[in-house]
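The values are calculated or read from the model by the stated rules, or taken from the named source; none is laboratory data. Remember, predicted model here, so these are calculated numbers, not experimental data. With ideal geometry, Cβ positions are generated from the backbone for all residues, glycine too; neighbour counts draw on all protein chains shown.
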Amino acid sequence: MSEKQKKVEASVGIFMIIGLIAISFIVIKLGNISIFGQDQYQVIAKFTSASGLRTGAYVEAAGVRVGEISSIEFDTEDYYAIVTMNINDGVKISEDSIASVSTAGIIIDKFIKLTPGGLDIYLEDRAEIYETEPSINLEELISKYIFESGD
């Protein structure tokens, strides 16, 4: 193998490695994937209805994204939807905060909106938010209005 051919193969190899690193970076950035994981803690909330929520939906406080929903499970004993949220470290949620299911637009994605309380006692990892509000069901409101308007 000649010296020139070795240089060409080394150049192609380096170019390929740089290309793979660049593509990986783009995929991670566009896909909102975290390689090393962001420091977060978990908070749990029980809702009478989690209709429209999905795993991966965001959690916001004061209009700022502060976490995401990591799981939604069904409590077979109490018939509640148990929503587990990963909240970014540094975000303090007071014990009397309210978690409500909100809609980003009329019929678009749903997310959890955290409304702060007044206590200076903050939730720790795996703690529960007791004050919750399910989403407003537009179909129920319309049918209620239609059927009650005839009276």
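Among the numbered conditions (1) surrounded by 14 or more Cβ atoms within 10 Å (Cβ to Cβ); (2) within 20 Å of Gly56 (Cα to Cα), the only one that Arg126 does not meet is (1). Residues in the stretch 76-125 that are part of a loop (DSSP other than H, G, I, E, B) and within 16 Å of the chain's Cα centre (by Cα) were compared, and the one that is nearest to Val43 (Cα to Cα) is Ile93. Entry remark, the stretch 10-46: residues being modelled with pLDDT of 80 or more and closer than 30 Å to Glu95 by Cβ number 8 in total. Among the numbered conditions (1) in contact with a strand residue (DSSP E or B) (Cβ under 8 Å, 6 or more places away or on another chain); (2) surrounded by 10 or more Cβ atoms within 10 Å (Cβ to Cβ), the only one that Leu141 does not meet is (1).
Please work out if Ser51 is in the same structural domain as Ile129 (by TED's automatic domain parsing) and touching a residue at least 60 places away in the same chain (Cβ under 8 Å). Yes, satisfied.
Considering each residue of the stretch 47-58 in turn, none proves to be assigned to a strand (DSSP E or B), surrounded by fewer than 17 Cβ atoms within 10 Å (Cβ to Cβ), basic (Lys, Arg) and modelled with pLDDT of 90 or more.
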